[in-house]
Amino acid sequence: ASGKPMDRLVIGDVGYGKTEVALRAAAFAALSGKQVVIAAPTTVLVRQHYETFRHRFERVGVKVAMLSRLATASERIAVKEGLADGSILVVIGTGAVATKDVKYKNLALVVIDEEQRFGTADKTTLRNLAVKGHVLSLTATPIPRTLQNALLGLKQMSVIATPPARRQPIRTETGVFDDGRARAALLREKERGGQSFVVVPRIEDLGALSQRLERLIPELSMLMAHGEMPPGQIDESMVGFASGHGDILLATNIIEAGLDVPRANTMIVWRADRFGLAQLHQLRGRVGRGNRRGQILLTTQPGASLSLATKKRLRTLEALDRLGAGFAISARDLDIRGAGDLVGEAQSGHMKLIGIDLYQHLLERAVREAQGETIERWTPVINVGLGGHLPPDWIPETDTRLSLYLRLARLTSRAELDAFEEELVDRFGAEPSEARILLRLANARIMARQANIGRVDAGPAAIAFSPRNGGGKHAKAAGLIAKGERLLLEKSIEAPIDRLTQVERTLRILSGVTKPK
C-alpha cells in the first residue's frame, strides 16, 4: 500500500506462521481484483498450500487453482485459460507457474515459499513475473546471499520471532549410527503413540537401510517416499502417514518442506554429514509440531572422516536447538560459507580472500553511496607514544580478539564506544589497563574525526594537531597556535599517559564536546 513495489523477506521458524502471512497478503491482493502466484518447491507442499488456500478463500468467492505435475493435462489447460482471462485470482504451483505458456491478466503479487529451495535463475524468473508488482519471500533459513541482501537493505526483511503456543525446543543429538540407540528411539516414540521419520540423503541409500530397519524393529510398520516415485504414489504415502498410517516414514529430504504431522516427534537422519545446515534445520522442523517434545538424531557412519566445515555444521545444529534458531543458523551459515555474488548465480562463497567482516563493511558503504549518501573514507591517526591492546590472557580466542578489533576500528560515536565497552566488561570481566588505554585511544580518534582533525602527534615538547578542511574552529580557545598547516600546543609533557590525557582534553574543546571558556 506504500505505492512502491515490495521485495520483502519474511524469516520465521517452521510452524511460526509464515503461511498465514502469505494468506493475508494474497487476500489483500485478490480481494482488490489482482492475481497472486504462490510458488513452492515441491508438489507435496503445493498440494498442502492448495488445500489451505482453497479452504480459506471459498467463503469469499476467490477462485484458487493448482498448477503442478499432480494436475491432469485437462486441468492444466483449464487453469492456464482461467489465469489468462482473469477468472482465477490465486494460483499455487511449482516452477510451472513461471513457464512461457502461462499468461496472467493482472498479476500483482508473487509469493516464493521456502526460497532457499529455489535456484537463482528460478527466483529471477519468478520475480520477472511481477515486473511492477510485489514479491514476498518466505523462509526459515535464507541462503547466505539472500540474508546478506536483507541485512544490507537491498530488500526488506521481517522476522517472526514468537513461537506457537506450547511449542517446545527439539532435542538435538549427534553421533554415529547405532542399532541399539535407533531401535530404542523408534520404539519409545511408538509406545507414546507417535510416529517417526528416518531420512537418508540419497535414493540409493533407501534399500539397504530399509532392510536394516526391518531386521532391527520388525514390529513397526514402515512407509517410503522419494522423488523417483510417481507423484500420486508420493502423495498417497505422505498423506497416509500424516493421517496416522504407518509407524515410520523412510524418506529422502523430499519431506523437508511442507509436511505437517503433529503426531511425529522423532527423527533419525542417516549420514547427516551429507546435508546442508539449512536442510538439517528444515528437517528438524518436521518433528515437535504438537505439544510434545520432539527429538532428532543426526547420525554419521562409524569411522567416517568428517571435514572441519561438516563438524561445524553438526555442532551448530546441536548448539542452536532453541526455539526460533533459524535466523541464528542462517547467520552462522553466512559466516561459514560466505555471501556469494549479488548479481551472479553463486549463492555462497567468494569471501575467503578478504573475510566476511571486511566484505560486509565495503559492501555496506557501496550500497549507501548508491543510495546517495556521502561516505568519507578517512580515519584520524593518534600518535602519543602509547599503545593499547586486548590481552590474550583476558580474551584467549584469537578469532574473537580479531573481530573485536575490527568492530572497534569502525565505531563512529561515543555512544557506540560506551556500548562496546559495556559488552567487553559483561563478556570478559573487568578490563585490564592495556584495554583501557586502547579504548581511550579509540575515543580520541572519534573526537578527532568529529573535530575534523586528521592527525595528532604528541611528543615531550609539544602536541601538533593537523586539521582537515574546516577543522580547528576552536583552536584559540584550546590554547593552540597556528604554525604552517598545523596547530601546536607548546607544552612540555614527559609521560605518554599524561600526553594522552592532554590530547583528550584538547580534542573535547575542538570537537565541541566541552564548551570553550
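The values are calculated or read from the model by the stated rules, or taken from the named source; none is laboratory data. Everything numeric here is computed off the predicted structure, so don't read it as measured data. A quick note on method: Cβ atoms are made from the backbone with ideal geometry, for glycine too, and the neighbour counts reach across all protein chains shown. The area values use the complete protein model at the heavy-atom level, side chains included, leaving out ligands, DNA and RNA. Shrake-Rupley method; radii C 1.70, N 1.55, O 1.52, S 1.80 Å.
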Give all pairs with beta carbons closer than 8 Å in which a residue from the range 161-185 that is over 30 Å from Thr19 (Cα atoms) and free of Cβ contacts under 8 Å to residues at least 40 places away in the same chain meets a residue that is of a type in the set (A, V, I, L, M, F, W, C) and in a loop (DSSP other than H, G, I, E, B); count only pairs at least 6 apart in sequence or on separate chains. Arg183/Ile217
Taking Thr52 as the residue in question, decide whether it is modelled with pLDDT of 90 or more, closer than 27 Å to Asp235 by Cβ and not charged (D, E, K, R). yes
Expected output for the range 56-85 (first residue more than 16 Å from Val37 (Cα to Cα), partner assigned to a helix (DSSP H, G or I) and open to solvent by 60 Å² or more (accessible area, probe 1.4 Å), Cβ below 7 Å, 6+ apart or cross-chain) is Leu70/Arg47
Among all residue pairs at least 6 apart or on different chains, which show Cβ distances below 6 Å where the first residue, located in the range 271-283, is more than 15 Å from Val14 (Cβ to Cβ) and the second is in a helix (DSSP H, G or I)? Asp273/Thr310
Quickly run through the range 280-302 and pick out the residues that are outside any helix (DSSP H, G or I) and open to solvent by less than 30 Å² (accessible area, probe 1.4 Å). Gly285, Arg286, Val287, Gly288, Gly290, Gly294, Gln295, Ile296, Leu297, Leu298, Thr299, Thr300
Of (1) open to solvent by 70 Å² or more (accessible area, probe 1.4 Å); (2) closer than 22 Å to His474 by Cβ; (3) in a helix (DSSP H, G or I), Met447 satisfies all except one. Which? (1)
Find the strands (runs of 3 or more DSSP E) located wholly in the range 452-517 whose residues include 1 or more that are open to solvent by less than 70 Å² (accessible area, probe 1.4 Å), and list them. 453-458, 463-467, 486-489
Within the range 389-398, work out how many residues are surrounded by 12 or more Cβ atoms within 10 Å (Cβ to Cβ) and modelled with pLDDT under 90. 0
Here is a check on your reading of the model: is Phe420 farther than 18 Å from Arg505 by Cβ and either open to solvent by less than 30 Å² (accessible area, probe 1.4 Å) or touching a residue at least 40 places away in the same chain (Cβ under 8 Å) (or both)? yes
Which of the residues that make up the range 363-386 are surrounded by 11 or more Cβ atoms within 10 Å (Cβ to Cβ) and under 27 Å from Glu423 (Cα atoms)? Leu363, Glu364, Arg365, Thr379, Pro380, Val381, Ile382, Asn383, Val384, Leu386
